[in-house]
Structure formats: C-alpha cells, structure tokens
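Read-outs: derived from the displayed coordinates by stated rules, not from any lab. Nothing here was measured: the structure is a model prediction, and the numbers come from that model. Virtual Cβ from ideal backbone geometry, glycine too; neighbours counted across all protein chains shown.
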Amino acid sequence: MHELALQKLCNYKGAHPYRDELTDYTNEDVSQSPVFDSITGFGGNGTGADSCVGDGPFKNIKLHMGNRHARGDEFCLSRGLDQISFAEGAAANVEECFGFQDYTDT
C-alpha cells in the first residue's frame with residue numbers, strides 16, 4: 001500500500017526501496033546510502049537553513065500541517081541526515097529488538 005501511495009500521490013516512479021539500516025550505520029557517510037539516491041531512492045539530505053530536500057522525487061515538496069494549514073502556512077519536506085542519528089541502528093540494538101516476544105516488552 002505504501003508503495004502504491006508513493007507512486008500515485010507523490011509521482012514516485014520506482015519500487016518501494018528497502019533500507020538496510022545496519023549498512024547505513026556502518027557507512028562513513030549515511031547520505032551515500034542507496035535509499036537516499038536522487039534517482040533510484042528518496043533523494044538526498046536537506047540543504048540550506050531549513051534543510052529542505054533539494055533533489056530526488058520529493059524535491060521542493062510543500063507540506064501543510066496542523067492548524068497552520070488553515071492559515072496557509074507551508075513547510076518544505078526537510079531531512080537532516082547525520083551519522084550520529086543512525087547510531088541506534090547498531091546491530092546490538094536490532095538484535096535486542098528481535099529478542100522481544102511482543103510490543104509491550106521493555
């Protein structure tokens with residue numbers, strides 16, 4: 001369903017990309033991950049002061065969110081990729097999650 005929504009609502013031309021978070025974690029530059037490729041993925045990192053996505057299928061997408069929509073406020077789709085934010089994709093954390101029996105385990 002998500003793949004079809006991306007294609008129909010966002011004019012995304014590709015198949016639903018698979019993101020291997022552990023590979024992203026081990027990359028020196030997560031922005032080079034195939035899932036963020038501007039042609040075959042979702043586009044790269046945000047640019048400028050507002051971190052708007054500047055390439056790929058979601059380039060220059062404007063969002064209308066919450067009560068601000070009634071006022072006509074627009075926001076760009078933004079992305080701020082950095083290696084630190086991907087640290088939670090470490091193998092030990094993934095393995096811990098796989099060990100849970102259900103969603104209420106902590």
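Some points to look at:
- Which of 81, 63 has the fewest Cβ neighbours within 10 Å, and the rest in rising order: 63, 81
- Förster-model FRET efficiency, 25 Å R0, residue 31 and residue 9, C-beta, rounded to 0.05: 0.50
- Proxy reagent accessibility, fewest Cβ within 10 Å first, across 79, 19: 19, 79
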